[in-house]
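The values are calculated or read from the model by the stated rules, or taken from the named source; none is laboratory data. Note that the structure is a prediction, hence the values are computed from the model and not measured. Cβ placement follows ideal geometry from the backbone for every residue including glycine, while neighbour counts extend to all protein chains displayed.
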Amino acid sequence: MASPTKGLYNNGTKTQSVATHIELRENRDRQKRAFVEGTRIRIQDIYVQAELFGKTAEQIAENYPDLTLGKVYAALSYLFDHREQIVAEIKEDEAFAAMLAAPRVAVLPLPRE
């Protein structure tokens, strides 16, 4: 996982892992979601383009003018390292959207006699 975790590397030298061009932000439910840094583009969006629509990195960069090719490759790298998490997040978001779209029955209080 490319998070800011500290570890030891050779002779006790401290290192810090970072993911270039990727940032984690909270959604409305305070769940962390991965975004391409400085954009509103989620890693989930990159997943859909690459995995479901079969787009290449170059095609994705063309579809999103705010993305450089480097940012697309960073997003794909993050995606490959966190695939199960990203797919689970997509399923959660789809279930939430389905719940919002479901018809609702209003329960009104009965008039008092």
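What residue, among those in region 19-61 that are of a type in the set (Ser, Thr, Tyr) and at pLDDT below 95, is farthest from ASP93 (Cα to Cα)?
Initially, region 19-61 is screened for residues of a type in the set (Ser, Thr, Tyr), giving 20, 39, 47, 56.
After this cut, where a residue has to be at pLDDT below 95 as well, the list is 20, 39.
Numbers: THR20: 25, THR39: 19 Å.
Checking each candidate, the answer is THR20.
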*What are the pairs, 6+ residues apart or on separate chains, where a residue within region 67-94 that is under 14 Å from VAL48 (Cα atoms) and surrounded by 13 or more Cβ atoms within 10 Å (Cβ to Cβ) has its Cβ under 7 Å from a residue that is among the small types (Gly, Ala, Ser) and at pLDDT 95 or above?*
VAL72/ALA57; VAL72/ALA61; LEU76/ALA50; LEU76/ALA57
*Got a sec? Which helices (runs of 4 or more DSSP H) wholly within region 43-112 have at least 3 residues that are farther than 17 Å from ARG25 by Cβ?*
57-63, 69-81, 83-101
